[in-house]
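Accompanying notes for the structure given below.
The values are calculated or read from the model by the stated rules, or taken from the named source; none is laboratory data. All values derive from a computational prediction rather than experimental measurement. As a convention, Cβ positions derive from the backbone with ideal geometry for all residues, glycine included, and neighbour counts pool all protein chains shown.
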Number of protein chains: 2
Amino acid sequence: MTHPNALEAARCGYIPKHPASLHENAVAVRSDPPTASSEDVRDLFPHTFDLPTIAFEASRTPMVSRVHRVGVILSGGPAPGGHNVIAGLYDGLKRIHPESTLFGFLNGPAGLLKDCGREIDGPTVDRYRNTGGFDLIGSGRTKLESEADYRTAIETARARKLTGLVVVGGDDSNTNACLLAEFARTVHSSLEVVGVPKTIDGDMKGASIETSFGFDTASKVYSELIGNINRDALSVRKYWHFIKLMGRSASHIALECALQTQPTITLISEEIAARALTLNDLVDHIAGIIALRSNANQDFGTVLIPEGLIEFIPEMRRLIAELNEVLVTGWQEFSALETLPHKREYIAGCLSPESAGLYRNLPREIANQLILDRDPHGNVQVAKIDIQRLFIELVGHRLHEMREANSYNGTFSPHDHYLGYEGRCASPSNFDADYTYTLGFTAALLLREGLTGYVATVGRLTRPAAEWLPGGIPLSRMMNLERRHGHDVPVVRKWLVDLNGPAFKRLEANRDLWAKETRFAFPGPVQYFGPSEICDRTTITLQLEAPV
Amino acid sequence: MTHPNALEAARCGYIPKHPASLHENAVAVRSDPPTASSEDVRDLFPHTFDLPTIAFEASRTPMVSRVHRVGVILSGGPAPGGHNVIAGLYDGLKRIHPESTLFGFLNGPAGLLKDCGREIDGPTVDRYRNTGGFDLIGSGRTKLESEADYRTAIETARARKLTGLVVVGGDDSNTNACLLAEFARTVHSSLEVVGVPKTIDGDMKGASIETSFGFDTASKVYSELIGNINRDALSVRKYWHFIKLMGRSASHIALECALQTQPTITLISEEIAARALTLNDLVDHIAGIIALRSNANQDFGTVLIPEGLIEFIPEMRRLIAELNEVLVTGWQEFSALETLPHKREYIAGCLSPESAGLYRNLPREIANQLILDRDPHGNVQVAKIDIQRLFIELVGHRLHEMREANSYNGTFSPHDHYLGYEGRCASPSNFDADYTYTLGFTAALLLREGLTGYVATVGRLTRPAAEWLPGGIPLSRMMNLERRHGHDVPVVRKWLVDLNGPAFKRLEANRDLWAKETRFAFPGPVQYFGPSEICDRTTITLQLEAPV
């Protein structure tokens, strides 16, 4: 009888496609960094800012290098391909010197702070090649952010005799990797720190980072499911599906899934913020399309809603900010109230008149979620809000009003979906398997060069993998100063959807057609063994955005 | 740029594997039917009960046949492979006589009653080969069940000059197909009616039907996602995922997905009914495992919950029956009440003391769902109850009590999922593509034989497709008399999970281990192009249950 893990077993034998420059002894070519964008940031990173951009090119000259001992951390939410970063890193270290070793810290940065980890040897790496998940060493959300943390980290590294540390994470984790790198130089530690850009959200990118890893696979898994739901809507012709998509702030996932599946309606948070739309506007927009389609006997459709949307609706953002304030200052009184109606009324009484009006008009379940589901800092947990159900309820009310006014005569049967945890640990697509392996290998090469405060990069990603360009840039070059808790701090910039970019423009050019006429697409499941145009295709976002 | 539908385009060229006996001019071999199980059922089907079992075998003798004109209906919820039933049927009819034609009634049985449909020609069939969904002609839940319906159907068939009708559906639709076949003979119509066993739920099976189509693909899509969620749980080690799985009554999907993914906990409705467990028992069971794992620092896991579970908990079944009664008799008074608390209190006052106690202890949202979401007949819509959220809430309370009693000291961070619409219209697996093509082709051959009241069957499904055995049995042979609305009516029996069968036994033998130690499996997405052991494997249920 076939074992359920037969596919995974077969995938373990897949050899990731990678740049020709990694086959031989890649040589680092240094080029001048671009003109500094921010003198303020430069001042904060005296040791790591004015470093060159690196590109690795194929060379026949054997490179001699010392033995490296490298630690690795997986930080934050998992993304498909994490295990291949480790595999590429391991293979790269062994290429540099056969006695190099790799040590994995367990469960994220906490493992580094507590000095909790495991040696990662060849047989272990082989078992995890091309698999999904972060379970080889686990992940975690603990942050390395205080000077005390950095001192502890450097002490652990010294005790473990580490020469380098690779931090696999998103914008926050890479920010902290850079701060750690700078701090190490400041205290004369020789520890070198390199980051790897990870996040399914797709918001860690920039001039040298064409995409973060995991975005490709996660958006394909969600697109598979949305395609199936599209087909269901088209087959039974009586349901409206409201689908919330993971992606903490940026709407890249919703945008990519829209281009892949051509749904009836797609909300893009960045556009809503830019146009300062209200919740009411959005409900009008959706109800209007539903009524229009109903007139043509199309009482069905799919609606994509990015998870972080609620914070991009200006009035909701204000409401949430006020709630966060009120729940801190009025916590004692609030907690003492016994019933939810009393709690809600108490809260409403503390808000500005506009926010109070908005809050009182929210469906009760959402009003409760806004005050009950708090994170440890007392803030609203936006990801836990059932925004897809909020829209179903509000749109249902609007359609009811329209029916009373004789402007709608259809049937509205909604279903809600949330696609998130189904995609973060999927088996990586060929693209993500190849890309992450190359990123890990490249991180090893950056360490060989004695570089620190860098992020591994791979350019020319829409070309065949053999032509990809591995390299690195100083992380501080990706930073801006942002105001946080009353201080200006350097952070790797989060890239939101560019409303002037080609991906959004393509949605904009097509969405009226997709709303009016049904033009669903059905991408199907990720394939590994078939024709290259199916198995190796990248996201549409990357195809549109990548430099030619 | 690759088109999102590139995979679908490639799949259109797939040639379904099918039995060798269909390559040539298959000849029907008739064998005596088994001894009648029910004389009462026989009496109701004088024209279609005592007919032989059919098996088609390869023959070199060319078969001469008249031109056939056949109508086809897709009935009920979609299932992967419906379009290949049509493709197989079309190819079979053309093999019988090149001038044979196929007519599709639109949107289910309603299309037959309203005479609304379309000709299905070769180019149309070619566009839909191996695709998911029922959108070629749509589906619907209208039932053909009254004598008036049967008269209308026969009149439509006569006007359309149909010689045969193929009904693709589950137990209800096949029951009605059989009643229509019998009725046609009674009124001297020559219309021949053949059924095809469809349902992702997997509950239309029996001695001659090894599995219904769609079960394979749907359970694989859900298993892909559960495997990804398993991997997420294992990677971040802090979430409990409660996953509701589609499947109206039977727990076949939950059972198959459990065997595929080896989750921490699986509830099987049939076992709960057999052991007469209470909601409290189940909450104790789940909370107990969570506490046990927490002691071993495993504050994570996955729980599979079949959609229909609530009706299999005896006390909940009684409560729902009472609610259905109360909401009919007390509708006027109930509707007049303005607030939900008043409505709930009114309802509780009308229930038996046991049911009232149970109802009052339910979380408020569930108590509301039980009285607000009614189907057109006033019955509770069980599928709409968020049973996964019910368990999260009740288990959370229980863990809170255990914490107070110092018997639990973990953190419980739950997430809820519902997997259903994501799987019904997926692109069919190779198995379902092959099986449905063979079923459709076989339906054509049954019509060629002039048989009516049959269901198409394919035997030996765990062997290579070349060795499959196409054939048919009289539908009435699958029937039992059941009491409905005060009358004994013949219905195709729904097959629930057999607690003495090998599939449940395998779960039973492993589940304690899976609960205590983490033994997650990760089946990954359905593959079409790779090694046969990955692309052509059947469900574990079928492998275990199929006759050798």
### Query
Pairs under 7 Å by beta carbon, first residue at the interface with chain B (Cβ under 9 Å from one of its Cβ atoms) in the stretch A:1-21, partner acidic (Asp, Glu), six or more apart or different chains?
A:Thr2/B:Glu533; A:Ala6/B:Glu533
### Message
Looking only at helices (runs of 4 or more DSSP H) that lie completely in the stretch A:211-299, which have at least 2 residues being farther than 17 Å from A:Leu496 by Cα?
### Response
A:215-236, A:252-261, A:279-295
### Filter pass, A:Lys198 being at the interface with chain B (Cβ under 10 Å from one of its Cβ atoms), at pLDDT 95 or above and touching a Ser or Thr at 6+ places or on another chain (Cβ under 8 Å)
no
### Task
Test A:Val67 against the stated conditions and say whether it is surrounded by fewer than 22 Cβ atoms within 10 Å (Cβ to Cβ) and modelled with pLDDT under 90.
no
## Note on the structure
Residue pairs within 7 Å by beta carbon, gap of at least six or interchain, first lying in the stretch A:135-162 and without any contact (Cβ under 8 Å) to a residue 40 or more places away in the chain, second surrounded by fewer than 16 Cβ atoms within 10 Å (Cβ to Cβ), listed first then second, are A:Ile154/A:Val187
### Task
Residue by residue through the stretch B:390-432, note down the ones that are within 20 Å of B:Asp284 (Cβ to Cβ), surrounded by 19 or more Cβ atoms within 10 Å (Cβ to Cβ) and basic (Lys, Arg).
B:Arg398
### Query
Got a sec? Which of B:Arg158, B:Arg118 is in a strand (DSSP E or B), within 25 Å of B:Ser190 (Cα to Cα) and not acidic (Asp, Glu)?
B:Arg118
### Query
Just a yes or no: is a residue in the stretch B:169-185 touching a strand residue (DSSP E or B) at 6+ places or on another chain (Cβ under 7 Å), under 16 Å from B:Leu475 (Cβ atoms) and assigned to a strand (DSSP E or B)?
yes
### Task
Could you tell me whether B:Leu370 is under 23 Å from A:Pro341 (Cα atoms) and surrounded by fewer than 16 Cβ atoms within 10 Å (Cβ to Cβ)?
no
### Query
Of the numbered conditions (1) modelled with pLDDT of 95 or more; (2) under 23 Å from the mean Cα position of the chain (by Cα), B:Thr518 satisfies every one except a single condition; which is it?
(2)
### Query
Scanning the stretch B:127-154 for residues that are assigned to a loop (DSSP other than H, G, I, E, B) and among the small types (Gly, Ala, Ser), which turns out farthest from the other protein chains (Cβ to nearest Cβ)?
B:Ser146
### Query
Name the residues in the stretch B:346-372 that are under 13 Å from B:Leu390 (Cβ atoms) and hydrophobic (A, V, I, L, M, F, W, C), would you?
B:Leu358, B:Leu362, B:Ile366, B:Ala367, B:Leu370
### Query
without any contact (Cβ under 8 Å) to a residue 24 or more places away in the chain and either in contact with a strand residue (DSSP E or B) (Cβ under 8 Å, 6 or more places away or on another chain) or under 28 Å from A:Ser429 (Cα atoms) (or both), is that true of A:Asp121?
yes
### Message
Let me confirm something: among B:Glu393, B:Glu365, B:Glu401, B:Glu422, which residue is acidic (Asp, Glu), closer than 23 Å to A:Trp240 by Cα and part of a helix (DSSP H, G or I)?
### Response
B:Glu365
### Query
Inside the stretch A:224-247, can you point out the residues that are facing chain B (nearest Cβ under 7 Å), β-branched (Val, Ile, Thr) and in contact with a helix residue (DSSP H, G or I) (Cβ under 9 Å, 6 or more places away or on another chain)?
A:Ile229
## Note on the structure
Those residues of the stretch A:425-459 that are within 14 Å of another protein chain (Cβ to nearest Cβ) and not in a loop (DSSP other than H, G, I, E, B) come to a total of 4
### Task
Could you check, for the stretch B:504-511, whether at least one of its residues is closer than 29 Å to A:Ile229 by Cα and at pLDDT 95 or above?
no
### Query
Is it true that B:Ala274 is surrounded by 24 or more Cβ atoms within 10 Å (Cβ to Cβ) and either more than 12 Å from chain A (Cβ to nearest Cβ) or closer than 18 Å to B:Ile313 by Cα (or both)?
no
### Query
Exactly one of (1) part of a loop (DSSP other than H, G, I, E, B); (2) in contact with a Gly (Cβ under 6 Å, 6 or more places away or on another chain); (3) surrounded by 24 or more Cβ atoms within 10 Å (Cβ to Cβ); (4) not hydrophobic (A, V, I, L, M, F, W, C) is unmet by B:Gly88. Its number?
(1)
### Task
Would you point out the residue of the stretch A:201-223, among those that are among the hydroxyl-bearing types (Ser, Thr, Tyr) and more than 14 Å from chain B (Cβ to nearest Cβ), that is farthest from A:Ala426 (Cα to Cα)?
A:Ser208
